[in-house]
1. Could you check the stretch 143-161 and list, in sequence order, the residues that are in contact with a helix residue (DSSP H, G or I) (Cβ under 6 Å, 6 or more places away or on another chain) and within 15 Å of residue 187 (Cα to Cα)?
2. Only one of (1) assigned to a loop (DSSP other than H, G, I, E, B); (2) surrounded by 20 or more Cβ atoms within 10 Å (Cβ to Cβ) is not met by residue 401, so which one is it?
3. Taking the stretch 197-216, which residues are closer than 17 Å to residue 250 by Cα, in a loop (DSSP other than H, G, I, E, B) and touching a strand residue (DSSP E or B) at 6+ places or on another chain (Cβ under 7 Å)?
4. Among the listed residues 395, 355, 410, identify the single one that is in a loop (DSSP other than H, G, I, E, B) and either modelled with pLDDT of 95 or more or closer than 20 Å to residue 139 by Cβ (or both).
5. Residue 342: touching a helix residue (DSSP H, G or I) at 6+ places or on another chain (Cβ under 6 Å) and crowded, with 20+ Cβ neighbours inside 10 Å, yes or no?
6. Just name the residue that is nearest to the ligand (Cβ to nearest atom) out of those in the stretch 228-246 that are part of a loop (DSSP other than H, G, I, E, B) and closer than 14 Å to residue 217 by Cα.
7. Just to check your reading of the model, which residue among 287, 319, 325, 311 is in contact with a strand residue (DSSP E or B) (Cβ under 9 Å, 6 or more places away or on another chain), farther than 30 Å from residue 127 by Cβ, away from the ligand (no atom under 16 Å from the Cβ) and at pLDDT 95 or above?
8. Collect the residues in the stretch 170-196 that are within 13 Å of the ligand (Cβ to nearest atom), touching a strand residue (DSSP E or B) at 6+ places or on another chain (Cβ under 6 Å) and in contact (Cβ under 8 Å) with a residue 40 or more places away in the chain, keeping them in residue-number order.
Ligand SMILES: Cc1ncc(COP(=O)(O)O)c(C=O)c1O
């Protein structure tokens, strides 16, 4: 029992990327590069857990006890690794952080209560008044809103350049530039970033880089291996995978994330223990789910592209996509998100297609087992002016489909009947 407790209460917070399972799993010696499912199932976990249970325990504790005054002083003076107070994290969170770092191929990761908390936490930890950030303009609208409306209030300047214009990004760099930011693929147009070029611009100018790889996941894209400094995910999406939790994560190096982890302890944007359990459980099937999301996304995109009522499909796995070559070179698969335009349709006719689906559920979000469908004009951009929507590339006849893990032929049949309705 003593060994078990040691494993749980003294997790290695700063594991090395050299250990792919990042918690000394027995398979590590046998398999130098375990596959994504082996990492998803075993990575970051102690071999022997509390109560000898195969699953990690849920610790419903807001605070953690010390045996006596000496043990508090030892903890502080020796920087001992154990829990102290819930705002600084909990045992489940350490496991999830190690597992996510192992999946990402990063030294460490910092888990947050949502993807936006991760974005706000990272940027506020890294930026000060007078600094500048530059981001590619196709991005999640709340990330853009945080940069434009809120960072500016603290004296941080944000500049946007056209997605994929590396020369414009480099030209916009000044001595005050601290971070280059992009999503890949972007949402909803699914532009794919050439990570080598992006990293090159950052390194040449000694500016850090951040990729929000929520749509790709570490299964489909490897930004850390390409040299990106920070990789961010809304774990609410594919990592959690079941549309039943909110979480966010930033992966990177121990030294670069130290200040980020410290600020999170002050922000308190941590996950509750039950939420962490759901995330850990969801992650076990990560690779299996991603394979089905990838298969469904590609098959549905191909079906839509051949349908007479469809004007255009945005999916990086299609040869017709502007960034297909980059995607083919850098991605293992192309994910479940498919964006398409209905031919000769106004917003009402487009809404009719959405409303006519019977398996797809109408909701925002993506990456869960249930297929979700939405019309961006109505769901996220309803209050924007037509000029703003044009600037963001949100067409009246656009539909965003986030393929779940249902059987491919059923999803295609559902879309076929909705397009005929
Ligand atoms: C690409 C991307 N990044 C970040 C976020 C924010 O994540 P969360 O909803 O978990 O805060 C989202 C949410 O939709 C997203 O699509």
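1. Passing the criteria: only 143.
2. (1)
3. 213, 214, 215
4. Result: 395 is the single residue among 395, 355, 410 that is in a loop (DSSP other than H, G, I, E, B) and either modelled with pLDDT of 95 or more or closer than 20 Å to residue 139 by Cβ (or both).
5. In short, yes.
6. Ranking the candidates gives 236 first.
7. Residue meeting the stated conditions: 311.
8. Those that are within 13 Å of the ligand (Cβ to nearest atom), touching a strand residue (DSSP E or B) at 6+ places or on another chain (Cβ under 6 Å) and in contact (Cβ under 8 Å) with a residue 40 or more places away in the chain: 181, 182, 183, 188, 189, 190, 193.
The values are calculated or read from the model by the stated rules, or taken from the named source; none is laboratory data. Values in this document were obtained by computation on a predicted structure and should not be read as measured data. All Cβ positions, even for glycine, are placed from backbone atoms using ideal geometry, and neighbour counts span all protein chains on display.
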